[in-house]
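Here's the structure, in structure tokens; my notes come after.
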């Protein structure tokens, strides 16, 4: 595969998203989250969090019935 394309996928977060969704816990929570909050899709920045942080954030959003919003720095 073209190294430039791999770098593009990494920079855009697509590789992180694929890795994250390969985790069964994240995948299941992501599916539930998307069904609860179709108007608040997660952007690729979310997948730069650790797997543990992703699971925690998704669990909190589902438990609190509140979508994840991008935090501004």
Matching entry among 69, 32 (being in a loop (DSSP other than H, G, I, E, B) and modelled with pLDDT of 85 or more): 69
Within segment 35-49, tally of residues that are touching a helix residue (DSSP H, G or I) at 6+ places or on another chain (Cβ under 9 Å) and either outside any helix (DSSP H, G or I) or at positive phi (or both): 5
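The values are calculated or read from the model by the stated rules, or taken from the named source; none is laboratory data. Keep in mind it's a predicted model, so treat the numbers as computed, not measured. Because the Cβ atoms are built from the backbone with ideal geometry, glycine has one as well, and the counts that use them run over all protein chains shown.
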